[in-house]
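Written out below as structure tokens is the structure these notes cover.
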Number of protein chains: 2
Amino acid sequence: MKLSDLKTVDQLIEERREKDAEFREIWDSTAFARQVAIIVVRYRTERGLSQRELARLTGLQQPAIARLENGETEPRLQTLAKLTAATGLSFHLDVARGGVELVPA
Amino acid sequence: MKLSDLKTVDQLIEERREKDAEFREIWDSTAFARQVAIIVVRYRTERGLSQRELARLTGLQQPAIARLENGETEPRLQTLAKLTAATGLSFHLDVARGGVELVPA
DNA sequence: GCGTCCGATAACGCGCGCGTTATCATCTAA
DNA sequence: TTAGATGATAACGCGCGCGTTATCGGACGC
């Protein structure tokens, strides 16, 4: 098997998303959480902060930061607000057609 | 006492907001909930719907609609999403500086 | 090897929004 | 006046995100 035959993670996910209705529902419903995860991870790593340090800055806890960065759960608006208070981050959300999207910039 | 001496509700609220720190904190933290309330009430009344009818349309319950319209609680993103799925409504949110704001249009 | 810091994760409880059911006062129509 | 619909609200439980504490394996420096 050639290395070029390997599928990317995105390809594997997309394939299962098309075949498995239940998987698609769960995957799509957590899309927003994953978008937030990327923002948080980027912010933290760019500043060389540990999860514990970011937790202390925001008033959250290290396990809460970890859960956010893993995109496991859909954060509360209150939690997002706490993140923005101490970091200068901001989130622009579009809630429409039954879904929540993170708007860039 | 003349009628013109009566203070508006907004005036009374603003006065207390300036004097009472605890009241100000609670009032400001529920600003977003009140903004959502106005949107929901307007949508429902413009179409002559009852709370029970809107509840059935959105998959929520009549008490949940009532709580939203009274601005009592900060709704979950999931709840806002349910509202938009069946109504065509959309919410644009700005989360920044520790607060949540509803962006017009 | 040893101590230290890291992120991940389990366990348990709490806070709180919502589901569910029921009830209430009020209003309108018949 | 009576019957029906409405919005408000209470009571109770559930779902779930987060607080809290503790622990784990892994990476790094000494």
Item to check | Any chance B:Ile65 is out of contact with any Gly (no Cβ under 7 Å at 6 or more places or on another chain) and open to solvent by 70 Å² or more (accessible area, probe 1.4 Å) | outcome: no
Item to check | From the options B:Pro104, B:Pro75, residue that is crowded, with 17+ Cβ neighbours inside 10 Å and either at pLDDT below 95 or touching a helix residue (DSSP H, G or I) at 6+ places or on another chain (Cβ under 7 Å) (or both) | outcome: B:Pro75
Next on the checklist: Quick check on my filter: what residues within the range B:77-105 are more than 7 Å from chain A (Cβ to nearest Cβ), within 15 Å of the chain's Cα centre (by Cα) and closer than 16 Å to B:Ala55 by Cβ?
Outcome noted: B:Thr79, B:Leu83, B:Leu89
Checklist outcome for this item: Residues of the range B:40-85 being of a type in the set (Ser, Thr, Tyr) and within 8 Å of DNA strand D (Cβ to nearest atom), in sequence order, are B:Thr45, B:Ser50
Checklist entry - If B:His92 passes every condition in (1) out of contact with any helix residue (DSSP H, G or I) (no Cβ under 9 Å at 6 or more places or on another chain); (2) crowded, with 17+ Cβ neighbours inside 10 Å but one, which one does it miss? => result (2)
Checklist entry - Among the residues of the range A:33-56, is any open to solvent by less than 30 Å² (accessible area, probe 1.4 Å), part of a loop (DSSP other than H, G, I, E, B) and within 14 Å of chain B (Cβ to nearest Cβ)? => result no
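The values are calculated or read from the model by the stated rules, or taken from the named source; none is laboratory data. Everything numeric here is computed off the predicted structure, so don't read it as measured data. A quick note on method: Cβ atoms are made from the backbone with ideal geometry, for glycine too, and the neighbour counts reach across all protein chains shown. For accessibility, only protein heavy atoms count, side chains too; no ligands or nucleic acids. Shrake-Rupley method; radii C 1.70, N 1.55, O 1.52, S 1.80 Å.
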